[in-house]
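The values are calculated or read from the model by the stated rules, or taken from the named source; none is laboratory data. Values in this document were obtained by computation on a predicted structure and should not be read as measured data. All Cβ positions, glycine included, derive from the backbone under ideal geometry; neighbour counts span all protein chains shown.
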Number of protein chains: 2
Amino acid sequence: MQDLSQQLDFILELDKLKAIYRKALIKTDNNRYENSAEHSWHISLTAHVLAPYAEASVDISRVCLMLLIHDIVEIDAGDTFAFDHHAILGQQSDKETAAAKRIFGLLPEPHKSKFIDLWHEFEDAATADAQFAKAMDRILPLIQNMQNDGGSWAQNQVLKHQVIQRNKYLETSAPKLWTYVLGQIDIATEKGWLRVV
Amino acid sequence: MQDLSQQLDFILELDKLKAIYRKALIKTDNNRYENSAEHSWHISLTAHVLAPYAEASVDISRVCLMLLIHDIVEIDAGDTFAFDHHAILGQQSDKETAAAKRIFGLLPEPHKSKFIDLWHEFEDAATADAQFAKAMDRILPLIQNMQNDGGSWAQNQVLKHQVIQRNKYLETSAPKLWTYVLGQIDIATEKGWLRVV
């Protein structure tokens, strides 16, 4: 029962991701902050629904699992806002690598190596699966903010060019969605939800 | 872009599941109530981690997707406590069937039919995939309650035989986990977290 004990430790550890709050707002729940666990659920399903737009052949089950685990490192490293300064985001990378080792390391093999590898694949964004997963992680806040008077963009004075840059994965991984996103960014800018300078 | 408009409507609809609160408590976040979106994320990963215990051959990616969508009907039907009276749970079934039709019906094909069929498969619990998915949905609250002085059991005066009955899917779908669960239920009863009468 050694394996089961390790697996249960990992499953209980996951509860902590429900206490990691992002800058995103949940309009349907009195605009409270979104936590990283429910966000992970939402993008996993978003990936399934938007899979037909993937330009390259992607394994949607792998993409889904990648998205389910991609934020678990925040249990140790915390969440950083996507539009924070580069210096902050750089330090974050080291913390997250150590967190992946510790948290996925709670598991016995083969899950330990599988999850660590999948997490690094997501971070490196060099494969079609990882690029589509990244694209999903970026498009969802846009969809949410567009329905919420700019949501976290408006609240944090985010710039138009930052959102374009952040959604660039769509340009090659899902071109039809990229066209849609550029149109939405223009609307958000006209409405004053995104700043130009 | 007709399809995309429908897909985005569905993706936005999902935000509402983050406002559906269960009786389960999140010990790691000041014992607040758990919502059904973060719960769905947690059991999907639990299924991946505990897949080696499945007695029959299961398609873990299907099980995972089943668990990601299984509670979406609560957006219309609300959450019921697992140990509510049978009369309440009976009415719930009709509400959830109507909810599945409306919410998954927001999607274009093939996702509309795929999700409706998968949701019914989970509810009917007649396939190996659905039985394992159900077992995961039941074992997770037990794992959480055992780490939290009985959690939602203690708070709602739940009976030992109710928890045994609720976890019965494990007996055939994951016998090794069933043995573990029976032991945990005995401990919970000794500690007074579960009542005998």
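Overview of results
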quantity: Residues within region A:140-151 that are more than 10 Å from chain B (Cβ to nearest Cβ) and assigned to a helix (DSSP H, G or I), tallied; calculated: 4
quantity: Top-ranked residue of region A:155-169 - restricted to ones that are more than 16 Å from A:LYS23 (Cβ to Cβ) and assigned to a helix (DSSP H, G or I), ranked as nearest to the chain's Cα centre (by Cα); calculated: A:TYR169
quantity: Criterion (closer than 26 Å to A:LEU182 by Cβ, among the acidic types (Asp, Glu) and either in a helix (DSSP H, G or I) or modelled with pLDDT under 95 (or both)) met by exactly one of A:ASP129, A:ASP79, A:ASP117; calculated: A:ASP129
quantity: Residue within region A:49-62 that is touching an Asp or Glu at 6+ places or on another chain (Cβ under 8 Å), in a helix (DSSP H, G or I), under 17 Å from A:ASP137 (Cβ atoms) and among the hydrophobic types (A, V, I, L, M, F, W, C) present; calculated: no
quantity: Residues of region B:1-44 satisfying the condition of being among the charged types (D, E, K, R), facing another protein chain (nearest Cβ under 7 Å), in contact with a helix residue (DSSP H, G or I) (Cβ under 6 Å, 6 or more places away or on another chain) and touching a residue at least 24 places away in the same chain (Cβ under 8 Å); calculated: B:LYS16
quantity: Those residues of region B:45-77 which are within 9 Å of another protein chain (Cβ to nearest Cβ), under 16 Å from B:GLU123 (Cα atoms) and crowded, with 20+ Cβ neighbours inside 10 Å, in sequence order; calculated: B:CYS64, B:LEU65, B:LEU68, B:ILE69, B:ILE72
quantity: Tally, over region A:1-57, of residues that are in contact with a Ser or Thr (Cβ under 6 Å, 6 or more places away or on another chain), closer than 19 Å to B:ALA19 by Cβ and at pLDDT 95 or above; calculated: 4
quantity: Scope region B:173-184; condition surrounded by fewer than 20 Cβ atoms within 10 Å (Cβ to Cβ) and either among the β-branched types (Val, Ile, Thr) or on the phi > 0 side of the Ramachandran plot (or both); matching residues; calculated: B:THR179
quantity: Residue list for region B:51-76, filter: in contact (Cβ under 8 Å) with a residue 40 or more places away in the chain, among the aliphatic types (A, V, I, L, M) and more than 23 Å from B:TYR180 (Cα to Cα); calculated: B:LEU65, B:MET66, B:ILE69, B:ILE72, B:VAL73, B:ILE75
quantity: Residue count, region A:82-91 (criterion: part of a loop (DSSP other than H, G, I, E, B) and either over 22 Å from A:LYS23 (Cβ atoms) or free of Cβ contacts under 8 Å to residues at least 24 places away in the same chain (or both)); calculated: 2
quantity: Looking only at region A:78-115, and only at residues there that are of a type in the set (Phe, Trp, Tyr) and closer than 21 Å to A:ASP15 by Cα, the one that is surrounded by the fewest Cβ atoms within 10 Å (Cβ to Cβ); calculated: A:PHE104
quantity: Selection count where residues are within 14 Å of chain A (Cβ to nearest Cβ) and of a type in the set (Asp, Glu), scope region B:91-107; calculated: 0
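For (1) part of a helix (DSSP H, G or I); (2) among the hydrophobic types (A, V, I, L, M, F, W, C); (3) surrounded by 21 or more Cβ atoms within 10 Å (Cβ to Cβ), each residue gets a yes or a no:
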residue	(1), (2), (3)
B:LYS134	yes, no, yes
B:ARG138	yes, no, no
B:TRP153	yes, yes, yes
B:GLU171	yes, no, no
